[in-house]
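Peer 1: The structure follows.
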Amino acid sequence: MSYVVAVDIGGTFTDLVAYDHEAGKVTYTKSPTTYDDFVKGILDCFDKAKLTPEQATFLNHGTTLVINAYIQRKGAKAALVTTQGFRDVLEIARGNRPDPFDLHYQRDEPLIPRERRFEVAERMDSQGNTVTPLDIKALDALAETIKREKVESVAVFFMNSYANPAHEEQAAARLKELLPGVYVTHSTELTREWYEYERTSTVAANAYVGPQVNSYIRSLDADLRGKGFEGSLFMMGSNGGLLSVDRTCRTPVALVESGPIGGCIGAGAYGEALGFKNIIAFDMGGTTAKCALVENGRFSVDSVYYANGYVKGFPIKSPVIDIVEVGAGGGSIAWLDSQSRLHVGPQSAGSTPGPVCYRRGGTEPTITDANLVLGRLNPAKFLGGELSLDTEGALNAIRKIAEPLGYAGVDGATRAADGILAISTVIMAGAIRQVSVQHGLDPRDFVLFAYGGGGPLHSAALAHELSIPTVVIPPAPGNFSAVGMLLADARLDLAKTFTGLMDGDSVGSAEKIFAEMEKEAAAALGREFGATDIFFERFAEMRYVGQRHNIKVPVSGLSSVAEVRAGFERDYKRRYGHADAKAGAEFQALHLSAFARQRRPDLAKLPDVSAGASAGGERQVWFSSIGKMVSAKVFDRYALPIGFKGEGPAVLEEYGSTTIVGPTDSFEIGPLKEIRIFCGK
Amino acid sequence: MNQLAKPQLADKLDPITLEVIRHGLISISNQIDANITRTAFSPYIYEYKDFAVGITDADGQLVAQCTGGMPPFVADSVGTAVRDGLKTYGKDRFFHGDVAVCNHAAVQGQHLNNTVMYTPIRTPEGELIGFFAINVHWIDIGGSAPRSTDIFMEGLQLRSVKIWSKGEPIEEVMRIIETNTRMPIELLGDISAQLAGCLLGRDQVVQLAEKYGVPTFRTAMATMLDQAEAAARARILALPDGTYEHETFLDNDGEGDTPIPVRVKVVIAGDEMTVDYSGLAEQAKGCVNSGYFGGGLTTARVAFKYLVAADEPANEGLFRPLKLILPPGKILSAEDTAPMGNYSMPFPTVIDAVIKTLEKAIPERVTGGHFGTHSGFRLYGRRPDGRNFDGHDSGHGGWGACATHDGAGPFRTMAHGDTRLIPIELQESLLPYRVESFSLRADSAGAGKFRGGLGFRKVYKMIAGCFMQTNLDRTKFPPWGAQGGKEAQSGRVVVERATGETQIVCKAKGFKIEAGDRVTLETGGGGGYGPPAERDLAAIQRDLDRGYISADAATRDYGVTIDKGVARR
């Protein structure tokens, strides 16, 4: 018996999904996340599922370790080595104030303070010619200082290294030689794109988490091997692909959105299997709701990501799936401001103390409390009955905000609870509109694919708000992030600044550069995954001559100027509504994505039919659309056969999640045991 | 002049529907904000965020606005344009599918680039419920600012002119616009983004209104204004009554070299705040003027929002408790024909001065002065190969310290927001210079219990000869401290000739620079807060270790002695 395994370490639970390819059998399990030693939580999951690491051939792993290190500032004591005159680039940043009216606005402190930012004489020009050679003697002296300061990791960034990385590579190699045991990284091993602040920030971020990620992965690997694991360990990258251990250790910054990525991959895989081309992946957890677009089977990847948000955080120039996040999760708190205006979030009660109804000391009403009061959650069957919910406590908490609004008694609290959900629906719909509008798309052309603990509970109302006709809830929505990790392919992204007028010469040069990039990527994937079946996607960042911002155009298979031009104009027109046939076009950068397919589980086998999480029957549920409590049929989700059709109002229960079908909606169990909700008028 | 009808007291509306509509309106303006950022052509829009999206009621009162956007636009530039349109056409002659624009100096009172476009929002039954409006900095509208001496030298004026009628473009007007700009491709691209945003926003507001019914929707809009007003009044009521004043000066208007007085008075009385600009300088000869709405009212509202309502969404109700006293003919209430090309030059100092007046009234909010000048810096000319180049590289400087922490920055001014600086790697690939260093400017901040933010120092080594234009103000009247904090250093430009000769320049047009010369742009710091003697020794030591202050400055400003790098009191 052998398994492929995916493990997702979340804020509250560590989720494990195991799949036996031969038997077509799936096992889900979860265990509390063990903060002092994450590996223990993983091993607990193995025990709970009655599996052993010996039986695992692959283990795909996603973790929030990196993003937490940035937010909690628990990274390494790092130093920066940079070009003479430029140590403050990291601190000055781009000089903007994203919150315009905050008189006291401050950006987060840089990850590396000024006293550990060192300069060395060297300089390249913008063409990559040496202006000042690298001063090796000065570098050697710096190494002594760094040693004396007991620095754990070093980031190397030189100006214009995107054009010629020779000095950067030379300096990094020399520092590695002189500083054994110190983690050394340089900017151009992470990205070859220009913009000094973004590249410095990226390499500083990489150095900041390098030692921690290395020791975590090494100990995970060693502990698993100690328990008999002989398979391959892969990490989940923010670009939606698997990373080898070696690559992760060199570029740990690529794990920054390692956690939430799984669900997006899963949404893409289900969409492909079910024939839905355009999907909005919607994930609602305890503190936030997140959404991402999958268009024609591909999710869009942003090349700049802001750790800890755009307002105060820092950029990472590394491909990260484009996710919009809003502060509306199950634990988001409903509150009144000084003018008695009702707000929801972004403050969250999180998992501790959590919503009032969890009985863990929470006192402020949350979205989950509102759901409970409205009969949308089953107090006896939450997490399969592992947690019994306090309806009265939730009701009392909501009354505290209902009464100042003029809503008295239990009826008034019900109205206020309905209001909490109405406002959270508007907030979540705003996020979905934003992510679709940013890509020039209309949400009505998409299927809403909902998961996470709260996704299935809110998706039908959200679909009505957005006029989306169809909602899809995959099996095991509460574990879906881990499921998605089982479905990931290996992926490697390379990018290079490449500027020039788009003409025969530059298209020819681009072809050569792409060919080199493909060779490099294929060699790396072959080395790291033993992969031979590799496919590529090519993109060019382009614009009209004289413009200042670019669009990313797919250029795979386009070899002539006319074809590239047509591709550019088509995308340009979609985004801007018009194109200019006369204006010249130019290149700004080349991007290559290389993929190696992994063997995927059979999606039809992923529902865990043994789960019996509901007693069925009927219960009173409030529906906003009709403004009252009505009797709704309750189903045990996995007891319903494929092809089953039902009418709302209905509640479909399962372990870890609840799906609500509105009174005018109908639903059906699809071929992969997914729930499909069809929104009626 | 600022007389806006107060709405009838709103009928009783259920508070949840009200909140859903309120969130809905703000969400629509933010969505259109994202749409404009995505579809605009010029960097003024997607990098400088030089635009704002707003929704007004049927009388042109601002009800909701996007959360980003430039501060000077937040102060109701869109409502001003709509109200002028209503005076021109009346409600009946704004048909569904009409789109109008306004950049007229007599209405907007700012440079002519700032152009508001708006469209009526009518229900399918034809009832007018509001306007959807977007103010965008048009990249070029002709004219010859900053060398202008009246508004007619600054380009094309469009006063409440329809560019679309009943869903069809008016080609003649579009042709007038196209033929009066140096950059027709970019401008028409931006205009189509602005137009698409207006129409999409309009349709979404109609959907929202239909969902809840027009009477409810109207009541919700009126209630939103009343609630914002009540919130603002409650905050002003918490401030001690009194009359507060501050006086400072701008260096000059860019023409002569006479300091320009900025005397401001703020009166807090009960739940109202009055900004009195009677002591401001008269209209200037240089193009640094602005009109009553675009200058006086705008700066007063921006300062008001910084001080008492930073987190309240901007709408007309929020500003009802703010009164303005501003006689005509001042630098911020100039005649309709005054030159306004650099209209916002005085803004950072005026806003900063209004904030300074309340130093004693709200010490917990007021900060030391910020560097407070646009610090315009431009190098332009011809390359050895004959191609022209033109690089704008405005300065960012230090912000003032406050009651709880050191000043931040370098950022752009209080009249800017999410405006990003241009990467050096990009500059070096386009322009004939090499940047030798880009660093924080040690000792530029004002000392204090909390130190101001630092300015920067950027050194350009010229590869080709060129011309320089600079506009650094507040060099004679540096950024002030607050509550006993010290003033900061001003900015300056140092030109070091290849021959070794050195010159300091602050304002210059067409200043000749030779290949091999080194030009250093130093920006001002922010003022300190509280007496320097109260600064924590550990903070002084950290500043020394990091090189934010020199040993000399530590001794001079904080009275510490330094022994082997260790500061002692």
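Peer 1: Looking only at the stretch B:135-167, filter to residues that are modelled with pLDDT under 95 and not in a loop (DSSP other than H, G, I, E, B); which one of those is farthest from B:Gly510 (Cα to Cα)?
Peer 2: B:Asn135
Peer 1: To continue, here is another question. Would you list the strands (runs of 3 or more DSSP E) that sit entirely within the stretch B:427-497 and hold 1 or more residues that are surrounded by 23 or more Cβ atoms within 10 Å (Cβ to Cβ) and within 14 Å of another protein chain (Cβ to nearest Cβ)?
Peer 2: B:433-440, B:456-462
Peer 1: Within the stretch B:523-569, restricting attention to residues that are of a type in the set (Lys, Arg) and more than 16 Å from B:His405 (Cβ to Cβ), which residue is modelled with the highest pLDDT?
Peer 2: B:Arg556
Peer 1: Tell me which residues, restricted to the stretch A:106-115, are crowded, with 18+ Cβ neighbours inside 10 Å, at pLDDT 95 or above and within 8 Å of chain B (Cβ to nearest Cβ).
Peer 2: Selection gives A:Arg114 alone.
Peer 1: Residue check: is A:Leu492 touching a residue at least 12 places away in the same chain (Cβ under 8 Å), buried (at least 17 other Cβ atoms within 10 Å of the Cβ) and in contact with a helix residue (DSSP H, G or I) (Cβ under 7 Å, 6 or more places away or on another chain)?
Peer 2: Spelling it out, A:Leu492 is indeed touching a residue at least 12 places away in the same chain (Cβ under 8 Å), buried (at least 17 other Cβ atoms within 10 Å of the Cβ) and in contact with a helix residue (DSSP H, G or I) (Cβ under 7 Å, 6 or more places away or on another chain).
Let's see how each residue does on (1) among the aromatic types (Phe, Trp, Tyr); (2) farther than 24 Å from A:Arg527 by Cα; (3) out of contact with any Lys or Arg (no Cβ under 6 Å at 6 or more places or on another chain):
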{"residue": "A:Tyr208", "(1), (2), (3)": "yes, yes, yes"}
{"residue": "A:Leu220", "(1), (2), (3)": "no, no, yes"}
{"residue": "A:Leu233", "(1), (2), (3)": "no, no, yes"}
{"residue": "A:Gly285", "(1), (2), (3)": "no, yes, yes"}
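Peer 1: Another one. When you go through A:Thr27, A:Thr82, A:Thr57, A:Thr52 one by one, which is the residue that is touching a residue at least 40 places away in the same chain (Cβ under 8 Å) and surrounded by 24 or more Cβ atoms within 10 Å (Cβ to Cβ)?
Peer 2: A:Thr82
Peer 1: Considering every residue within the stretch B:255-271, establish whether at least one is farther than 29 Å from B:Gly54 by Cβ, of a type in the set (D, E, K, R) and at pLDDT 95 or above.
Peer 2: Scanning the stretch B:255-271 turns up at least one residue that is farther than 29 Å from B:Gly54 by Cβ, of a type in the set (D, E, K, R) and at pLDDT 95 or above.
Peer 1: Quick check on A:Ala431: is it surrounded by 21 or more Cβ atoms within 10 Å (Cβ to Cβ), in a helix (DSSP H, G or I) and at pLDDT below 95?
Peer 2: The answer is yes for A:Ala431.
Peer 1: While we're looking at this one, here's another question. The conditions are (1) within 14 Å of chain A (Cβ to nearest Cβ); (2) among the β-branched types (Val, Ile, Thr); (3) buried (at least 19 other Cβ atoms within 10 Å of the Cβ), and B:Ile163 fails exactly one of them. Which is it?
Peer 2: That leaves (1) as the condition not met.
Peer 1: So which residues in the stretch B:191-203 are buried (at least 16 other Cβ atoms within 10 Å of the Cβ) and either without any contact (Cβ under 8 Å) to a residue 12 or more places away in the chain or not hydrophobic (A, V, I, L, M, F, W, C) (or both), if there are any at all?
Peer 2: Passing the criteria: B:Ser192, B:Gln194, B:Gly197, B:Gly201, B:Arg202.
Peer 1: Also, I was wondering about something else. Kindly indicate whether any position in the stretch B:180-190 is surrounded by fewer than 21 Cβ atoms within 10 Å (Cβ to Cβ), aliphatic (A, V, I, L, M), over 26 Å from the mean Cα position of the chain (by Cα) and part of a helix (DSSP H, G or I).
Peer 2: Checked the stretch B:180-190: at least one residue is surrounded by fewer than 21 Cβ atoms within 10 Å (Cβ to Cβ), aliphatic (A, V, I, L, M), over 26 Å from the mean Cα position of the chain (by Cα) and part of a helix (DSSP H, G or I).
Peer 1: Where residues in the stretch B:39-59 are buried (at least 24 other Cβ atoms within 10 Å of the Cβ), assigned to a loop (DSSP other than H, G, I, E, B) and more than 17 Å from the chain's Cα centre (by Cα), which of them is farthest from the other protein chains (Cβ to nearest Cβ)?
Peer 2: B:Ala40
Peer 1: Only residues that are closer than 16 Å to B:Leu13 by Cα and more than 11 Å from chain A (Cβ to nearest Cβ): list them for the stretch B:213-237, please.
Peer 2: Listed by number, the residues that qualify are B:Gly213, B:Val214, B:Pro215, B:Thr216, B:Phe217, B:Arg218, B:Thr219, B:Ala220, B:Met221, B:Ala222, B:Leu225.
Peer 1: Please verify whether A:Ala585 is surrounded by fewer than 18 Cβ atoms within 10 Å (Cβ to Cβ) and within 14 Å of chain B (Cβ to nearest Cβ), treating the condition exactly as stated.
Peer 2: no
Peer 1: Another question, if that's okay. Give the residues of the stretch A:475-499 that are in a loop (DSSP other than H, G, I, E, B) and in contact with a strand residue (DSSP E or B) (Cβ under 8 Å, 6 or more places away or on another chain), sorted by residue number.
Peer 2: Matches in the stretch A:475-499: A:Ala476, A:Ala488, A:Asp489.
Peer 1: For the stretch B:369-409, which residues satisfy the criterion of being part of a strand (DSSP E or B) and surrounded by fewer than 24 Cβ atoms within 10 Å (Cβ to Cβ)?
Peer 2: B:Gly376, B:Phe377, B:Arg378, B:Tyr380, B:Gly381, B:Arg382, B:Asn388, B:Phe389, B:Asp390, B:Gly391, B:His392
Residues are listed down the side, and each one gets a yes or a no for (1) in a strand (DSSP E or B); (2) hydrophobic (A, V, I, L, M, F, W, C); (3) farther than 23 Å from A:Phe101 by Cα:
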site: B:Gln227; (1), (2), (3): no, no, no
site: B:Ala234; (1), (2), (3): no, yes, no
site: B:Glu245; (1), (2), (3): yes, no, no
site: B:Gly256; (1), (2), (3): no, no, yes
site: B:Pro261; (1), (2), (3): yes, no, yes
site: B:Phe293; (1), (2), (3): no, yes, no
site: B:Thr298; (1), (2), (3): no, no, no
site: B:Phe304; (1), (2), (3): no, yes, no
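Peer 1: Give just the number: which of (1) within 14 Å of chain B (Cβ to nearest Cβ); (2) modelled with pLDDT of 90 or more does A:Ile333 not satisfy?
Peer 2: (1)
Peer 1: May I pose another question? For A:Arg123, only one of the following conditions fails: (1) within 14 Å of chain B (Cβ to nearest Cβ); (2) under 31 Å from the mean Cα position of the chain (by Cα). What is its number?
Peer 2: (2)
Peer 1: Which condition number in (1) modelled with pLDDT of 95 or more; (2) crowded, with 20+ Cβ neighbours inside 10 Å; (3) more than 22 Å from B:Gly341 (Cα to Cα); (4) more than 8 Å from chain A (Cβ to nearest Cβ) is the one that B:Asp352 fails?
Peer 2: (3)
The values are calculated or read from the model by the stated rules, or taken from the named source; none is laboratory data. Since the structure is predicted, the reported quantities are computational estimates derived from the model, not experimental observations. With ideal geometry, Cβ positions are generated from the backbone for all residues, glycine too; neighbour counts draw on all protein chains shown.
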